[in-house]
1. Which residue out of Pro140, Pro219 is at pLDDT 95 or above and closer than 29 Å to Ala268 by Cα?
2. Taking the stated definitions as given, is Lys282 charged (D, E, K, R) and surrounded by fewer than 19 Cβ atoms within 10 Å (Cβ to Cβ)?
3. Could you please find all residues in segment 168-186 being outside any helix (DSSP H, G or I) and open to solvent by less than 40 Å² (accessible area, probe 1.4 Å)?
4. Residue by residue through segment 141-167, note down the ones that are open to solvent by less than 70 Å² (accessible area, probe 1.4 Å), in contact with a strand residue (DSSP E or B) (Cβ under 7 Å, 6 or more places away or on another chain) and assigned to a loop (DSSP other than H, G, I, E, B).
5. Whether any residue in segment 193-214 is under 16 Å from Ile298 (Cβ atoms) and open to solvent by less than 30 Å² (accessible area, probe 1.4 Å) is what I want to check.
6. Please give the number of the condition Leu129 fails out of (1) free of Cβ contacts under 8 Å to residues at least 12 places away in the same chain; (2) among the aliphatic types (A, V, I, L, M); (3) more than 24 Å from Glu274 (Cα to Cα).
7. Mind telling me which of the residues Thr117, Thr103, Thr132 ends up being of a type in the set (S, T, N, Q) and under 25 Å from Pro40 (Cβ atoms)?
8. Filter segment 306-320 down to the residues that are open to solvent by 50 Å² or more (accessible area, probe 1.4 Å) and part of a loop (DSSP other than H, G, I, E, B) and list them by number.
Amino acid sequence: MRKFAFIALVAAVLGTALVSCKPKEDSGKEITLVMAEVNPAETIAGQMDQAFKCKVEELSGGKIKIDLQCSGILGDVESVMDLMMKPGSTIQIHRMSAVNMATYGCRKSSLLGIPYTFSNKEHFWNFALSETGKKILNEPVEVGLGVKGLFYGEEGFRNFFSKTKIEKVQDFNGLKVRGTNDNAMQGMIAAFGAESVPVNYADLYAKLQTGVISVAEQPIANYLANHFYEVAPYMILDGHTLGVMETVITMDAWNSLSERQQNILLEAGKYASEFCRELSAKEEDRVKAELVKVGATITEVKDIRPWQAACSNVIEQSSSVDPDLYKKILELAE
């Protein structure tokens, strides 16, 4: 894992954010918050988590400690979220994807998983820093999930990888594909003529290895870090969705913090987001070069329009959740 050069990345963090609850008095006692991460520590997600951890501990003078557990040690996304939504959870903070939030009733978050929504990473960060972004980040509170959004990140654009080479949409016909469980992803897989097969993330390598599935999709950095290229050596850079990440905290934990402690977490979240933005921008070229070295085959998509056309109905149906909000997201590309 890289040394923490990121400590000097952001010299000052943007101002404090308002909180909507009545915070407790700051007792000055040390507290420990357990944070779950399904990906390895060296991934973009894992390094963003570490940036958050270090900044929280720095800003609190060591009074708030983040016990970060990576590589799915504390369970997969579903088991962690199921625990966090119950009172007295032993896990307080969790980094997860926006499309996973959508499966828990966060309909606005589902807009972030619609195929070909973000034209580039700059478009996404325009969104993340906007009022529209804040509205979606606050949605878990609105729907009563028992968790609160803290900050955004992104793992880069998600791409399909496979056991046999894929060069065009028609190559998906009849293939068994593992995708996220949201409606947009499931609709896209069907629109490409493939069969969706549910597979837990922790089992993905084994299911590819044994041929239960022949195609999956992840950001390119995760593809390398998890060694998926060993069992599925072909990746096509279709960039169907951006790997939008939301870090959440249980409301029990949030409400137990003083106002000062809450603001420390929010400030550290802004720092971690900026760190993620810088890291993700640098990682893609490095990862591509590494994948070539280990023998993976990377295929560029020269014309994305046939891919967009294939799932045009999915885009229309999925955005009907909140067409006005989706339009605002698209407008932030300008």
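The values are calculated or read from the model by the stated rules, or taken from the named source; none is laboratory data. None of the values given here were measured: they were computed from a predicted structure. Virtual Cβ from ideal backbone geometry, glycine too; neighbours counted across all protein chains shown. We work out accessible area using only protein heavy atoms, side chains counted, and drop any ligands, DNA or RNA first. Shrake-Rupley method; radii C 1.70, N 1.55, O 1.52, S 1.80 Å.
1. Of the residues listed, the single one that is at pLDDT 95 or above and closer than 29 Å to Ala268 by Cα is Pro140.
2. Yes; evaluated as a whole, the condition is true for this residue.
3. Within segment 168-186, the first condition is being outside any helix (DSSP H, G or I), and the residues that meet it are 168, 173-182.
Scanning segment 168-186 gives Leu175, Val177, Arg178, Gly179, Thr180, Asp182.
4. Gly146, Ile166
5. No, there is no match, as no residue in segment 193-214 is under 16 Å from Ile298 (Cβ atoms) and open to solvent by less than 30 Å² (accessible area, probe 1.4 Å).
6. Against the list (1) free of Cβ contacts under 8 Å to residues at least 12 places away in the same chain; (2) among the aliphatic types (A, V, I, L, M); (3) more than 24 Å from Glu274 (Cα to Cα), Leu129 comes up short only on (3).
7. Values: Thr117 fails: under 25 Å from Pro40 (Cβ atoms); Thr132 fails: under 25 Å from Pro40 (Cβ atoms).
That would be Thr103, the only listed residue that is of a type in the set (S, T, N, Q) and under 25 Å from Pro40 (Cβ atoms).
8. In the first step, residues of segment 306-320 are kept if they are open to solvent by 50 Å² or more (accessible area, probe 1.4 Å); the result is 306, 308-309, 312-313, 316-317, 320.
Residue satisfying the conditions is Ser320 alone.
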